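Dumping the structure here so I can ask a few things about it.
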Amino acid sequence: MVRLPSIQIIGAQKAGTSAVAKWLFDSGYCRPLVFDDEPLYYSKEAHFFDIDWNYNLGLDYYASRFRDDELPALDATPDTLTFAQRVRDTYELAEDNQVNKLAVIVILRDPVFRELSLYNHMAHACRNLDQSELSDWHRQVARSDGTIMTFNEFVHEVTMPALATNEAQDLGKGRSSRHGLYANHLKEWFRLFNRNQILVLSYDELCTAPKRVQDRIQRFLGRAISGSLQEKINSNDSHEKVLTPSTEARECIESIMKPHNERLYHLLEENPGPSMEQRPFPRFHL
């Protein structure tokens, strides 16, 4: 029988997925295999649903990354957030009703600070990685002369144009910024999967009360999980790190995100999830 991951951590990017995944992997959940010439981060995130050439290789190819039948498997690709239909279609092809047994975890972070974290991640990579290790995704923060944009420049040149498009799955420039349109993405997940299969978590609670989040996840998965959940995994303590968005950058992002955030709160209120989920979902605030 083809066996797919029993847990998908679908995002959001820069919202603590690495911390939750590390805790689960360390406790014994099966990691994705890394194939030849693939980056090491594929051992956390298989990038099957969000990359066309992987997805087109089909069900057996994806399942071949998870070969230990004795352990429950986990894929923690944060880009999966915008590909609910592909996940549904793939799991429907698998035997043993795996589509209705799948557990989905999503962590939501204030979109302004998520965007700032995204910028800092890209900028840090551009300053410290060899050019051969950089992708076009990293280079979104680079000016034409190779220097690094300010966060204000990034917001005006990358974030705002990206948020203005309705193409959720557009993989071009600014695609990660569109992850912050949470209501758009979760509405699709709620349509395609039973709401009790989806646990929505708060990044703020992950930072301030990780044991509470750990308890929510254990109750959701129906099992005790060893170890402790630590929020800070992707540490970037560079002196060049931007700690706080400017008023201009914050107001620009919020001008688009505020109504989307309101739709999110309404969506979660109208579509209550599993009993251990935080309710009402906490509002984002600076």
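The values are calculated or read from the model by the stated rules, or taken from the named source; none is laboratory data. The shown structure was predicted, so the numbers you read here are calculated from the model rather than taken from an experiment. Methodologically, a virtual Cβ is constructed for each residue, glycine included, from the backbone with ideal geometry; neighbour enumeration extends over all protein chains shown. Calculation scope for accessible area: heavy atoms of the full protein, side chains included, ligands and nucleic acids excluded. Shrake-Rupley method; radii C 1.70, N 1.55, O 1.52, S 1.80 Å.
What FRET efficiency, computed as 1/(1 + (r/R0)^6) with R0 = 22 Å and r the Cβ-Cβ distance, is obtained for ARG195 and GLU92, rounded to the nearest 0.05?
Working: r = 18 Å, r/R0 = 0.82.
Once rounded, the FRET efficiency stands at 0.75.
Distance from a point 7 Å along Cα→Cβ of GLU70 to each backbone N in segment 23-47: keep the residues under 15 Å and list them by number.
Label zone hits: 28-31.
What lysines could a cross-link reach from LYS14, if we take a straight Cα to Cα line under 23 Å and drop same-chain neighbours fewer than 8 places away?
LYS22, LYS44, LYS173, LYS187, LYS211, LYS232, LYS241, LYS258
Quick check: pseudo-label points 7 Å beyond the Cα along Cα→Cβ at GLU269 and SER144, how many nm apart are they?
4.8 nm
Rolling a 1.4 angstrom probe over the protein chains, ignoring ligands and nucleic acids, what is the accessible area of ARG283 in square angstrom, nearest 10?
Probe radius 1.4 Å; accessible area of ARG283 about 130 Å².
If R0 is 35 Å, what FRET efficiency do you get for ARG279 and ASP52 from their C-beta distance, rounded to 0.05? Show your work: numbers first, answer last.
Values: r = 37 Å, r/R0 = 1.06.
Computed FRET efficiency for ARG279 and ASP52 comes out at 0.40.
Counting other Cβ atoms within 10 Å of each Cβ, which trypsin sites (Lys or Arg not before Pro) in segment 77-184 have at most 16 and sit in a DSSP loop?
Answer in residue order: ARG143, LYS173.
Measuring from a point 7 Å past the Cα of LYS211 along Cα-to-C-beta, which residues in segment 14-50 have an amide N at less than 14 Å?
none
If the chain between ASP60 and SER135 were fully stretched, how many nm would it gain, using 0.36 nm times the residue separation less the Cα-Cα distance?
Values: separation 75, 0.36 × 75 = 27.00 nm, distance 2.78 nm.
Full-extension gain reported as 24.2 nm.
I'd like to know how the chain sits against the 2.2 N^0.38 Å rule of thumb: what's its Cα Rg over that expected value?
Details: Rg = 18.4 Å, N = 286, 2.2 N^0.38 = 18.9 Å.
The value comes to 0.98.
Computed on alpha carbon atoms, what radius of gyration and Dmax characterise segment 128-282, expressed in Å?
For segment 128-282, the Cα radius of gyration and maximum Cα-Cα distance read 18.4, 53 Å.
Considering only protein heavy atoms and a 1.4 Å probe, what is the carbon-and-sulfur percentage of the accessible area of the chain?
Numbers: 6410 of 13520 Å².
With neighbouring chains kept in place, the figure for the chain is 47 percent.
Still on this structure, please answer the following. So for the chain, averaging the separation of alpha carbon pairs under 8 Å that are six or more residues apart and normalising by length, what relative contact order in percent results?
24 percent
Another one. If we count GluC sites (Glu not before Pro) as exposed when they sit in a DSSP loop and have at most 12 other beta carbons within 10 Å, what is the longest stretch of the chain that avoids them all?
On the way: sites that count: GLU70, GLU95, GLU167, GLU240.
Here the longest segment lacking exposed loop sites spans 168-239.
Counting heavy atoms of the protein chains only and a 1.4 Å probe, report the per residue accessible area for segment 119-198 as a whole number of Å².
Value for segment 119-198: 48 Å² per residue.
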